[in-house]
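Peer 1: Quick one: the structure is below, questions incoming.
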Amino acid sequence: MPRGTELELAPHPGVPGPVGLRITARLELSAQNLLRAEFFVEGAGVPTLAWPAASASPTRRDELWRRTCFELFWGEAGAESYWEGNFSPSGDWAVYRFDRYRAGMRPEERISALLQPDPPPSATARLWRMECSLDLNRCGAPPLLQLSATCVLETRAGGIHYWALAHTGPKPDFHLRSSFTHCLARGPEETP
C-alpha cells in the first residue's frame, strides 16, 4: 500500500462531476523503481457511477478510458515524451508511450501492471478503492517523475466526467504536460 501523500482530484470546471464525490490518490515511487498508486472514491455519489464488471482474466486492453477508468500520466521534467497508464475497476489495464503531446502513441510492452480493485460497490456503498503497481525498471523511467493522476467517471445516467490533479486547458485533456503538476522522487533504499 502506498505511503505517499494523499492528493485530491477535481472535476473539470466545464464538465462538473457528480454530486457527493471525493476522489483521492496516493502515489509512491520506491527505491526499486516501482510506481504505486492507490485511488479512493468516497461519498454518497459512489452508487451513481457505472462500474465495469470484474474481468474473469484481467489483461492488457485498449480503450479502457471510454468507461470508468483511473489513469496516471508521467514523464521526465523538461522532456516531451511521456507514458499513460489506464487502470479499470474490472482489473484490466494498459500502458502507452508517447513521443510528444498525443503523438507517437504505442503500447509500452516493457511495463506490466498489477491491479487490486475492490469489487463493484453496492447500492449503499460510500467508499471504493483500487491499488495499482507498475514496475518501471525496464522502460528507462527517470528517478524523478513529473506526473498527474486522473480518472474518467461514467454515471449510470450516461454522463462522462473528467477528474484530475490539475486541469490546464479549456476542455478536458489529460495529455497536457502543464497538468503533470506532481513530482515524485524515487524513495530511499530500505534497510533490513
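Peer 1: Arranged by the count of other C-beta atoms within 10 angstrom, fewest first, what order do Tyr101, Tyr96 take? Provide the component values of the computation, followed by the final result.
Peer 2: On the way: Tyr101 13, Tyr96 17.
By the 10 Å Cβ count, ascending: Tyr101, Tyr96.
Peer 1: Another question, then. Using alpha-carbon pairs under 8 Å, 6+ residues apart, how would you state the relative contact order of the stretch 61-135 in percent? Provide the component values of the computation, followed by the final result.
Peer 2: On the way: 130 pairs, mean separation 16.6, N = 75.
RCO, the stretch 61-135: 22 percent.
Peer 1: Additional query: I need the phi-derived Karplus couplings for the stretch 39-56: 6.51 cos²θ - 1.76 cosθ + 1.60, θ = phi - 60°, integer Hz, Gly and Pro marked x.
Peer 2: For the stretch 39-56, the Karplus-derived couplings read 10, 10, 10, 10, x, 5, x, 4, x, 7, 8, 8, 10, x, 5, 4, 6, 5 Hz, x marking Gly and Pro.
Peer 1: Stokes-Einstein diffusion coefficient for the stretch 89-192 at 4 °C in a medium of 1.567 mPa s, Rh from the Kirkwood formula over Cα pairs: what value in µm²/s? Walk me through the numbers before you get to the answer.
Peer 2: On the way: Rh = 16.5 Å.
Rounded, D is 79 µm²/s.
Peer 1: Would you work out which of Cys151, Ala185, Val95 lies farthest towards the positive end of the dipole of the chain? Charges go on Cβ: Lys and Arg +1, Asp and Glu -1.
Peer 2: The residue sitting most towards the positive pole is Cys151.
Peer 1: With an 8 Å Cα cut-off and a minimum separation of 6 or more residues, compute the relative contact order for the chain in percent.
Peer 2: Details: 484 pairs, mean separation 52.0, N = 192.
Computed over the chain, the figure is 27 percent.
Peer 1: Here is a follow-up. Using the Karplus curve 6.51 cos²θ - 1.76 cosθ + 1.60 with θ = phi - 60°, what ³J(HN,Hα) values do you get for each residue of the stretch 27-36, in whole Hz, with x for Gly and Pro?
Peer 2: Here the 3J(HN,Hα) series is 10, 8, 10, 7, 4, 8, 6, 9, 8, 10 Hz.
Peer 1: Excluding Glu42 itself, calculate the net charge of residues whose Cβ lies under 10 Å from the Cβ of Glu42, where each Lys or Arg counts +1 and each Asp or Glu counts -1.
Peer 2: Details: positive: Arg22, Arg126, Arg129; negative: none.
That works out to +3.
Peer 1: Work out, in µm²/s and without decimals, the Stokes-Einstein translational diffusion coefficient of the stretch 1-90 at 10 °C, 1.306 mPa s, Rh from Kirkwood over C-alpha pairs. Don't skip to the end; give the middle numbers.
Peer 2: Working: Rh = 15.2 Å.
D, rounded to a whole number, is 105 µm²/s.
Peer 1: On to the next question. In 5 Å bins starting at zero, report the fraction of Cα pairs in the stretch 6-185 per bin as a rounded %.
Peer 2: Pairs per bin, as whole percents: 1, 9, 18, 23, 22, 16, 8, 3, 0, 0.
Peer 1: Let me ask something else about it. So what's the net charge close to Arg138: Lys and Arg +1, Asp and Glu -1, counting the other residues with Cβ under 14 Å from its Cβ? Please report the intermediate quantities before stating the final value.
Peer 2: Values: positive: Arg97, Arg110; negative: Glu108, Glu109, Asp135.
Neighbourhood net charge equals -1.
Peer 1: Another question about this same structure. With r as the distance between the Cβ atoms of Val15 and Arg126 and R0 = 25 Å, compute the FRET efficiency 1/(1 + (r/R0)^6) and round to 0.05. All intermediate terms of the calculation are to be shown ahead of the outcome.
Peer 2: Numbers: r = 23 Å, r/R0 = 0.92.
For R0 = 25 Å, the calculated efficiency reads 0.60.
Peer 1: If you don't mind, there's one more thing I want to ask. Based on the mean of other beta carbon atoms within 10 Å per residue, what is the order of 35-41, 137-143, most packed first?
Peer 2: Numbers: 35-41: 22.7, 137-143: 14.0.
Listed from highest to lowest mean packing, they are 35-41, 137-143.
Peer 1: OK, next. If you find the alpha carbon centre of the stretch 13-32 and of the stretch 110-140, how far apart are they in angstrom?
Peer 2: One Cα centre to the other: 13 Å.
Bear in mind these aren't lab numbers, they're just calculated from the coordinates by the rules spelled out. This one's a predicted model, so the numbers in the text were calculated from it and none came from an experiment. Counting neighbours? That spans all protein chains shown, and the Cβs are built from the backbone with ideal geometry, glycine included.
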